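The values are calculated or read from the model by the stated rules, or taken from the named source; none is laboratory data. The model shown is predicted, which means the values in this text are computed figures rather than measured ones. Note that each Cβ is placed from the backbone with ideal geometry, even for glycine, and that neighbours are counted across all protein chains shown. Side chains included, ligands, DNA and RNA excluded: accessible areas come from the protein's heavy atoms. Shrake-Rupley method; radii C 1.70, N 1.55, O 1.52, S 1.80 Å.
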Amino acid sequence: MSITTTRTDGGVVTVTVDYPPVNALPSAAWFDLADAITAAGNDPTTHVVILRAEGRGFNAGVDIKEMQATEGFGALIAANHGCTAAFSAVYDCAVPVVVAVKNFCVGGGIGLVGNADVIVASEGAVFGLPEVDRGALGAATHLARLVPQHMMRTLYYTAQNVTAEQLLHFGSVHRVVAADELDSAALDIAEKIAAKDTRVIRAAKSAINHIDPVDVKASYRLEQGYTFELNLAGVADEHRDEFVSTGKALNTGGHA
C-alpha cells in the first residue's frame, strides 16, 4: 500500500495511489496524498501533475472499516480532515492536475476528480456518491462540477452512478479510452500542457481558481457539518455498520 511519485524529463509528475483492493483510503493516506500533490506542484521544475491509481479502480472513497473499528469520532474526524486536505491539494496545486480514472471513482474520489483540471477515463468507468447509503454527506460540491445541477441532485439522492461516456457528453471528461490506453491518454494531454510556458500556465491556474463561482473548500466543509450531525444522532453508525457487515445499504423502509 503506497503513494508514489515519478517524473519525466518534460516536467510531468505522476502521483500513483495503490491501496488494494479498491483504493479505499485510510485517513493517513489522504494526508499522504495531499502532501505528494502539494510537493509536486511546489517544485518549480514541475509543469503538470497526473493523478492515477493501480488496482481495480481509481478510488473507492474512505476506508469505512477503519472508521467502524475505531472508538469515538477520531477516525471520522481524521478522514474528514484528510479528505479536505487531499481535495484542496488538487485544487490548489500550483500546476494543472490531470486525473486518469480507471473503472470506478466513488465517494471521496469524486472530490479529487471534481477539483482536478482535466479528466480522462477508461471506457465504462463509473462516477458516483454513495454517501446517503452510508449515512453521510459530502462531495456534492464536486459532483456539481461534473454534471448539471438537477442531474447532481438526482444522482446524490439515489446514490446512482454516472458513466464516463455521459460525462464526456457533458464536457467534464476530456477523453474516454480503452483501459490499456488510459495512461498514454493522460500523458498525452499532460505533455501538451507541459510544453507551454510554465510561468504562464501557473498564472492561469491561479487566475481560473480565483474566478470560480463557488468556493469549493468552504462549500465542502459546510457539507461535512451535516455529516457530523448525522453521526451525533447515531444515524451514520447504523448505515456504516450495515455496510461493513453486509456490504449493502441499510434498508429503512423509507421511515425516519
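Residues in segment 17-59 that are open to solvent by less than 20 Å² (accessible area, probe 1.4 Å) and either touching a helix residue (DSSP H, G or I) at 6+ places or on another chain (Cβ under 6 Å) or β-branched (V, I, T) (or both): how many?
Total satisfying the criteria: 12.
Within segment 116-159, count every residue that is basic (K, R) and in a helix (DSSP H, G or I).
Looking only at that region, the number is 2.
If you take the residues in segment 121-174 that are open to solvent by 40 Å² or more (accessible area, probe 1.4 Å) and at pLDDT below 95, which one is nearest to C83 (Cα to Cα)?
The qualifying residue nearest to C83 (Cα to Cα) is L137.
Of all residues in segment 169-188, count the ones that are within 22 Å of V48 (Cα to Cα) and part of a helix (DSSP H, G or I).
Count: 10.
Which one is surrounded by the fewest Cβ atoms within 10 Å (Cβ to Cβ), of the residues in segment 175-222 that are in contact with a helix residue (DSSP H, G or I) (Cβ under 6 Å, 6 or more places away or on another chain) and not polar (S, T, N, Q)? Explain how you work it out, then say what you get.
Taking segment 175-222 and keeping what is in contact with a helix residue (DSSP H, G or I) (Cβ under 6 Å, 6 or more places away or on another chain), we get 175-177, 216-217, 219-220.
Subsequent filtering for residues that are not polar (S, T, N, Q) retains 175-177, 216-217, 220.
Values: R175: 17, V176: 23, V177: 18, V216: 20, K217: 15, Y220: 24.
Out of the qualifying residues, it is K217.
Quick grid of which residues meet (1) in contact with a strand residue (DSSP E or B) (Cβ under 6 Å, 6 or more places away or on another chain); (2) among the polar types (S, T, N, Q); (3) modelled with pLDDT of 95 or more:
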residue	(1), (2), (3)
T4	yes, yes, yes
R7	yes, no, yes
Y19	yes, no, yes
V22	no, no, yes
I50	yes, no, yes
I77	no, no, no
S88	no, yes, yes
A100	yes, no, yes
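Condition first: touching a His at 6+ places or on another chain (Cβ under 7 Å) and aliphatic (A, V, I, L, M). Can you find one or more residues in segment 90-106 that meet it?
For segment 90-106, residues touching a His at 6+ places or on another chain (Cβ under 7 Å) and aliphatic (A, V, I, L, M): present.
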